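So the structure is just underneath, and the comments pick up after that.
The values are calculated or read from the model by the stated rules, or taken from the named source; none is laboratory data. Please read all numbers here as calculations on a predicted model, not as lab measurements. Here the Cβ positions follow ideal geometry from the backbone for every residue, glycine too, while neighbour counts run over all protein chains shown.
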Amino acid sequence: MSAFYRLLARPWAGVGVLLLFYLGVTLCFSLLSPWFLSFDNLVSIGANVAFMGLMAAAQTPLIIAGGLDLSVAAVAGLAGVVVALLHAGGMEVWSAAFLALLLGGGIGALNGLLTTRLGFNPFIATLGTMSAVGGISLVLTGGLTKPLLVESFAWLGNGQVAGLPVPLLLMLAVFGGLGWVLRHTAFGRYAYAAGSNPVASRLVGVPVDRILTMLYVGSGLSGALSGLVLAAMLGAGAPDAAGKHLLTVVAAVILGGTSLLGGRGSVWGTLLAVLLLGTLNNGLTLLDVSSFWQDVTRGAVLLAAVGLDQLRTKALGQ
Amino acid sequence: MAYKMVVLILALGLVSGAAAGEWQGFDPAGFDGLMLKPEQLQGMVAEARQHRPPKNGERYVFAFANLQRDMAFGIKVEEGIKANAQAAGVELLVADNRLDGPTALANAESFVRRGVDFVIEFQTDVNFGPTIMQKFAKAGIGVVAIDIPMPGATFFGANNPRSGFMGGAYLAQAALARFGAGQVGQGYLVVGELPQSGAIPAMRTEGQLAGFLAVLPEFPRDHLIRIDTKNTLQYSFQQMRNALGRIPAGAPLMLLAINDQSVTGMLRAAQQAGRQADLIAVGNGADELETLAGEPALAASVAYFPERYGNYLIPIGLMALAGKTLPPAVLVEHLMVTRANICQYYPGFACRDEAPGFAYAFPQEAFGRHLAGLKGKPDLAGYETLIPGR
C-alpha cells in the first residue's frame, strides 16, 4: 500500500481531507477576491449557514444510527410560522418560541414512532410528515409570510456575543455538544452500533428503538430551533423558509463523511461540509459568478470532495 | 380534428370579423382594472352562450392553473379570479402548477379530461408552453396565459419593462433626495434578479436598471451588483449578506429586486449588517403590504394589483368564448405605492403623512429609448408583442 493510501486510511483522514479541501477553497477565494478574507465576511458565512448547520448537526447522529429525517426543513418552516402567529395572537414571543420547540420535538417523536414501532421506512415516513407539516404551515398562513419584528426575539437571529453572531455560536454549541455525546457517552456508542448492525445490537442489549426515537426527537428539535433562528433573522415566519435547503442539509451530512447506510460518520465532518458549502456560495457571489455557473462549480467541488472520500474508503478497504 | 381547430380559432376570435375593442362595457386595452358589476358579467355569459354554449350544457367551467398557491402573488390572483367567476356564475376549477413545468402539463391534461370551456394558465416554464398549448388546442380550449407567454394564447400580465423602469427611476430620485448627488455616486446598487425564469421576467430587472441609470447616467458601473434571489425571502437574504462583503461601510445602499419578497430579504440582510442608516429600497409587486406599510427603508413598491387580475381574466375568457377579437397582449397598468398613498389602494392600511422629499417624474423619453433597445434584442425575438409601445 502506498504512503498516500496509508495516510488516507488513518481514522481522522476523512475530516482531514475535507479540512484540506476547505482550506484550499478558502485560499483560492482569498487570492481571487479582495473582499473575501475579512473578519466580517468570514463571520457572515458562519451566520449564513447556521440554520442549515443546526439541521445537519442533529441529522448526522440520526443517519449514523440508521435513520433519516426529511421533515426537518418543513418543521423549521412550521416553527417560524407558529411563533409569528402565536405572537400576533398576543402570546409573549419567548413562550411562543418554547411551544414551537415542543411542537418540533413532538413531530420528531411522531417520526420515531412511525419508524420504530410501526416499522415504516424512514424515507417514506418522514417524506409523509414533511408533506403534512409543510401543508399545515401553508394552511395556517394561507401561503403568506407573517411578519415577526420583535427586538428581543431578533437577537436570536442577529445578536452578537463577544463579536460573534448568535446563530453561529448556537450552531457551534450544538455541534460541540453532539460531538461530545457521540464520542464520550454510551448513547453515542449505541448510535454507531445501531447503525452498523441493528439486529446484532438488539441481541447484545442495545436499545435501538429508544436511541432512534430520541434522535428523531433531537432532529425535530433542531428543525424547530433552526426555524426560530431563521424567523428571527428574516423578521418573519415564512412557511417554506427552509424547504429549499433540505437537499443541501442531507448533502452536507454525506459530504461530511457520514454513510447513508449508517454506522459511520462524525459531526465534525458535517460542520466542515456546511462551512464548505457556505463558503462556496459566498466566494462565488463575491466574485460575481453568475448563479448558473455557481451551480456548476458547486456540483464540481462536491464531486471532487466525494471523490477524495471514495479514495479514502478504498484505502480503508486495502 | 380540422373541425375542432376551426372551432378553436373561431372561439379565440382570431379570425372573427368583430373588431378588438369594447364589449359589454369591457375594453381589455383600456380597462381601469375595477371589477365589473355581476349583471355585466352575467350579460357577457349570456351573450357568449349564444356563440358557444357550455360543453356540459349547463354552465361554463373555467380552469385556473395557479403558478404556486403558497405565495402572496398567486393567492391574490386566485382570489380575484374566484370572485369574478362567482359573480359571473361560472364554475371554476383550480390547480397548482407548483412552479414546475411537468406539473403544469399534468394539470393541463386534467383540465382537458374534465372538459373545461376556458383555461387561465399561470405557469413558469416557458419550454412547456408549446406542449401544454398543443393539448388545449387539440381539445378546442381557449387559453389566456399570465406573465409567461404561451404560443397561441392571449398574454395577460405585467408590463415588465415599464414596471421595472418606474421602480428604478423612483429609487434613483429617492436616493438623490436622501443622500445628495455627491453621495449617491459613492453608493452601491444591488439588483435582486431571477435569471432562471428567462428573458420575459428579466425585462423587469433590466427595466429597473435602465430606469435607475436614466436618472443617474454617471453612476459607476462597478458599483452595480446583481444577485440571484431564487424568488425567496431566505435566499435573497443569504445572497445579499454575501454581497455586502463587497460594499464599504457607510456607502449608500440602494436595492431593487424582481419582487417584494426578494427585496424584503435583501433589506433584512442589510439591516442586520448595521446598514440601516444608509439604506433605501424600492420593491416590485406591492404584494407584501405589511412590510411596505411598516418598513421605512422601503420607499415604495410598483403595484401590479394581482387581486384585480381576475377582473380582467374572467371577462377576457368570456370575450374569447363570445368570439370577440382579443388583442395579443393585455398589459396591466402599474402605479407607485408608498406609505403616503397606500390607503387609496388598500383601505386596510392607513396612510402616513410622509412626504417623499421629491416630485417623482417618470423619464418617458429615456423609457422610449429603452423600449427601442429591447425590440432589437435577440433573446426577445418572437415576444415582440410583449414589448409595449409606450
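Could you say which residue among B:PRO327, B:PRO388, B:PRO378, B:PRO347 is of a type outside the set (Gly, Ala, Ser) and closer than 30 Å to B:GLU295 by Cα?
Criteria check complete, one pass: B:PRO347.
So is B:GLY285 buried (at least 24 other Cβ atoms within 10 Å of the Cβ) and either at the interface with chain A (Cβ under 10 Å from one of its Cβ atoms) or touching a residue at least 60 places away in the same chain (Cβ under 8 Å) (or both) or not?
Here the answer is yes, as B:GLY285 does meet what is asked.
What are the pairs with Cβ atoms under 7 angstrom where one residue, in region B:203-232, is away from every other protein chain (no Cβ under 14 Å) and the other, located anywhere, is among the polar types (S, T, N, Q)? Sequence gap at least six, or different chains.
Correct list of pairs: B:MET203/B:ASN160; B:ARG204/B:ASN160; B:ARG204/B:SER163; B:ARG204/B:ASN284; B:GLY207/B:ASN160; B:GLY207/B:SER163; B:VAL215/B:GLN173.
List pairs: first in region A:155-173 and more than 14 Å from chain B (Cβ to nearest Cβ), second crowded, with 20+ Cβ neighbours inside 10 Å and not polar (S, T, N, Q), Cβ under 6 Å, 6+ apart or cross-chain?
Going by the 6 Å Cβ cut-off, the qualifying pairs are A:MET171/A:ALA50; A:MET171/A:GLY53; A:MET171/A:LEU54.
Identify, by number, the condition in (1) assigned by TED's automatic domain parsing to the domain that holds B:GLY43; (2) within 22 Å of B:ILE75 (Cα to Cα) that B:PRO347 doesn't meet.
It fails just one condition, (1).
When you scan region A:207-216, do you find a residue that is aromatic (Phe, Trp, Tyr) and modelled with pLDDT of 95 or more, even just one?
Within region A:207-216 (the criterion being aromatic (Phe, Trp, Tyr) and modelled with pLDDT of 95 or more), the answer is yes, since at least one residue qualifies.
Taking region B:346-362, which residues are surrounded by 13 or more Cβ atoms within 10 Å (Cβ to Cβ) and either over 21 Å from the mean Cα position of the chain (by Cα) or modelled with pLDDT under 85 (or both)?
Residues satisfying the conditions are B:PHE349, B:CYS351, B:ARG352, B:PRO356, B:PHE358, B:TYR360.
Would region A:26-41 turn up any residue that is among the small types (Gly, Ala, Ser), within 14 Å of chain B (Cβ to nearest Cβ) and surrounded by fewer than 19 Cβ atoms within 10 Å (Cβ to Cβ)?
Looking for residues that are among the small types (Gly, Ala, Ser), within 14 Å of chain B (Cβ to nearest Cβ) and surrounded by fewer than 19 Cβ atoms within 10 Å (Cβ to Cβ), one finds at least one in region A:26-41, hence yes.
Suppose the filter is touching a residue at least 12 places away in the same chain (Cβ under 8 Å), touching a helix residue (DSSP H, G or I) at 6+ places or on another chain (Cβ under 6 Å), surrounded by fewer than 20 Cβ atoms within 10 Å (Cβ to Cβ) and under 18 Å from B:VAL77 (Cβ atoms); does B:VAL330 pass it?
So B:VAL330 passes the test.
When only residues in region A:128-148 that are at pLDDT below 95, crowded, with 16+ Cβ neighbours inside 10 Å and under 21 Å from the mean Cα position of the chain (by Cα) count, which is nearest to A:ALA242 (Cα to Cα)?
Selected residue: A:GLY134.
So, of the residues in region A:124-154 that are in a helix (DSSP H, G or I) and within 15 Å of A:MET233 (Cβ to Cβ), which turns out to be nearest to the other protein chains (Cβ to nearest Cβ)?
A:ALA154
Need at least 2 residues that are buried (at least 22 other Cβ atoms within 10 Å of the Cβ), under 16 Å from the mean Cα position of the chain (by Cα) and not charged (D, E, K, R) per element, so show me which helices (runs of 4 or more DSSP H) inside region B:117-196 make the cut, counting only ones lying wholly within it.
Ranges flagged: B:160-179.
Among what's in region B:290-308 and is of a type in the set (D, E, K, R) and within 18 Å of A:ALA238 (Cβ to Cβ), pick the residue that is nearest to the other protein chains (Cβ to nearest Cβ).
Among those that are of a type in the set (D, E, K, R) and within 18 Å of A:ALA238 (Cβ to Cβ), it is B:GLU290.
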